[in-house]
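The values are calculated or read from the model by the stated rules, or taken from the named source; none is laboratory data. This one's a predicted model, so the numbers in the text were calculated from it and none came from an experiment. So basically every Cβ, Gly included, is an ideal-geometry build from the backbone, and we count neighbours across all protein chains shown.
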Amino acid sequence: MLIVMKFGGTSVGSAERIAQAAQLVVRSVREGHRVVVVTSAMSGVTNLLIDAAQAAASGQWREQVRQELLDRHTAVADALLGGTPRRDEAVAAVAERLEATDKLCFGLSMVRDLTPRLLDAISGTGERLSAPLLAAVIAAAGVDAEAVDATDVIVTTDQFGAAEPLADETRVKAQDRLGPVVGRGAVPVVTGFLGATPEGVTTTLGRGGSDFSASILAAALDADEVWIWTDVDGVMTANPAEVPEARTLREMSYSEASELAYYGAKVLHYKTILPAARQRIPVRILNSFHPDRRGTRVSAEGDPAARGVKAVTSVRNVMLVAISGTGMQGIPTIVAKTFECVADAQVNVLMISQASSENNICFAISRNDAPAVVRALRRALEIERMRGHIEEITEQAVAIVAAVGDRMRGTPGIAAAVFGSLAAEGINVIAVSQGSSERNISLVVTEDDAPNAVRAVHRAFQLDR
Ligand code: ADP
Ligand code: ASP
Ligand code: MG
């Protein structure tokens with residue numbers, strides 16, 4: 001089999017974890033598989049880089065960041081490669097990359113203009129530090145390995161911070177660059193999170209995007225499976241940090257996994273499933289701390305024995321924007337203009353709901369996107385406001401709770417049970433949306449109510465059993 005294996009931040013977060021990751025790669029190679037590795041930055045590194053970029057943009061050059069990152073990566077090299085030429089090579093690669101990033105931060109602290117393009121160049125540094133290190137450790141364990149910069153492989157649009165892969169271009173580059181490495185029995189260790197425009201400008205795929213890198217590469221290489229190595233046993237019935245009794249799901253469908261990821265289950269980047277699903281490549285989510293546990297397998301079939309609701313999740317940091325007014329009936333341009341504004345701002349809408357009286361439409365977006373969208377809406381709907389067709393545009397900080405499951409479809413009583421469980425907890429539902437696919441019911445609640453709402457739904461459907 002050709003397996004694309006992705007290691008998340010905690011799975012490469014220390015010398016011990018990197019040694020374990022390398023062992024997992026070596027084990028699969030020894031079992032006869034061909035392996036392409038995608039690695040995240042060591043845990044915490046991306047946050048540190050983003051903070052450093054933001055500090056630099058306000059004139060504060062954090063000189064110590066370079067040393068801190070050099071020390072952390074050198075310590076790994078010393079522990080795992082000490083006294084070998086590989087150690088010196090890996091440390092030299094790390095030092096060179098850090099110097100380049102430090103120069104960018106210094107320049108930024110002078111110019112104080114942090115463009116999304118520059119932020120991508122800085123925030124993607126972490127993967128470019130971990131990849132050479134992991135490759136060297138795999139090689140030291142006896143399997144030939146080579147660090148590969150994803151900017152040579154994954155071609156994307158220029159939407160910095162959330163770039164979209166260009167599948168055809170990526171397929172050509174991935175096969176050209178990675179094919180020969182795999183062909184000679186070596187393991188390419190590709191930087192996750194990163195890509196480049198056709199002109200070669202560095203982009204990132206969005207926070208948590210290394211999962212997406214893995215499925216993009218799996219599709220480009222026609223891989224047999226994607227394995228996402230992380231710090232939990234798989235995709236669970238709820239976020240285990242929020243619902244301690246959450247259980248690992250053994251099987252789920254592409255649609256279930258993507259709905260869950262879309263509605264906040266951080267275990268998978270929300271775009272991960274699509275490239276794999278298009279080519280029916282199974283995706284496994286596995287625990288690098290307990291590699292012999294079964295994990296979750298995501299496939300086209302999913303779990304035929306599944307019950308109605310399979311998992312429950314929540315998205316925080318959401319803003320509900322509502323446009324209301326008794327004069328809105330029958331004025332279709334209001335809806336059109338509203339979503340034109342959202343589209344122009346390139347903002348992702350999490351849910352939409354319209355009351356049947358048409359007196360109110362509301363939609364949920366990320367809180368960070370809200371100021372720009374609301375400003376644009378006020379401008380675009382000025383005439384409607386003057387004419388009295390709309391009365392107000394309001395914003396409310398909320399959370400979305402989503403119940404997900406393929407077999408919710410056509411099963412009566414699920415919505416009633418969801419609402420009943422919230423009512424029993426005294427939780428007020430602000431807005432609701434159920435897609436016509438019936439694979440998901442999403443509810444808007446206050447941020448404070450979200451944890452209780454998730455637990456209530458989890459209990460109501462006995463997801464712990
Ligand atoms: P990695 O660094 O390996 O990419 P992440 O932190 O991005 O790991 O994702 C794994 C985390 O996702 C888990 O530790 C868990 O806290 C969180 N999580 C949220 N929802 C779920 C869920 N439904 N199932 C499993 N993990 C979840
Ligand atoms: N290092 C990146 C991040 O923290 C990408 C990833 O870990 O998936 O967002
Ligand atoms: Mg992640």
Scan the stretch 39-47 and tell me whether some residue there is crowded, with 21+ Cβ neighbours inside 10 Å, in contact (Cβ under 8 Å) with a residue 40 or more places away in the chain, in a strand (DSSP E or B) and not charged (D, E, K, R).
yes
Residue pairs meeting the criteria (Cβ under 8 Å; at least 6 apart or on separate chains; first modelled with pLDDT of 95 or more, in the stretch 1-30; second within 16 Å of ligand 3 (Cβ to nearest atom) and of a type in the set (D, E, K, R)):
Lys6/Asp211; Gly8/Asp211; Gly8/Asp231; Thr10/Arg17; Thr10/Asp231; Ser11/Arg17; Ser11/Asp231
Considering only residues of the stretch 267-279 that are outside any helix (DSSP H, G or I) and away from ligand 1 (no atom under 11 Å from the Cβ), which is modelled with the lowest pLDDT?
Tyr270
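Looking at Gly308, Gly209, which one is touching a residue at least 24 places away in the same chain (Cβ under 8 Å) and within 20 Å of the chain's Cα centre (by Cα)? Steps first, answer last, please.
Values: Gly308 fails: within 20 Å of the chain's Cα centre (by Cα).
Gly209 is the lone residue from the list that is touching a residue at least 24 places away in the same chain (Cβ under 8 Å) and within 20 Å of the chain's Cα centre (by Cα).
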Where Gly264 falls short, out of the listed (1) on the phi < 0 side of the Ramachandran plot; (2) part of a loop (DSSP other than H, G, I, E, B)
(1)
Which members of the stretch 69-103 meet the condition of being free of Cβ contacts under 8 Å to residues at least 40 places away in the same chain and either among the aliphatic types (A, V, I, L, M) or touching a strand residue (DSSP E or B) at 6+ places or on another chain (Cβ under 8 Å) (or both)?
Leu70, Val91, Ala92, Val94, Ala95, Leu98, Ala100
Ile216 vs. criteria in a helix (DSSP H, G or I), under 23 Å from Glu164 (Cα atoms) and either β-branched (Val, Ile, Thr) or within 16 Å of ligand 3 (Cβ to nearest atom) (or both)
yes
Quickly run through the stretch 241-261 and pick out the residues that are assigned to a loop (DSSP other than H, G, I, E, B) and either surrounded by 22 or more Cβ atoms within 10 Å (Cβ to Cβ) or more than 15 Å from ligand 3 (Cβ to nearest atom) (or both).
Glu242, Val243, Pro244, Glu245, Ala246, Arg247, Leu249, Arg250
Are any residues in the stretch 219-240 part of a loop (DSSP other than H, G, I, E, B) and under 16 Å from the mean Cα position of the chain (by Cα), and if so, which ones?
Asp231, Val232, Gly234, Val235, Asn239
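Please report, ordered by residue number, the strands (runs of 3 or more DSSP E) entirely within the stretch 357-465 with at least 3 residues that are farther than 15 Å from Ser314 by Cβ. Steps first, please.
Numbers: elements: 360-366, 392-404, 431-434, 440-445.
In the stretch 357-465, the matching strands (runs of 3 or more DSSP E) lie at 360-366, 392-404.
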Any residue in the stretch 21-38 that is within 19 Å of Ser215 (Cα to Cα), of a type outside the set (A, V, I, L, M), within 16 Å of ligand 3 (Cβ to nearest atom) and outside any helix (DSSP H, G or I)?
no
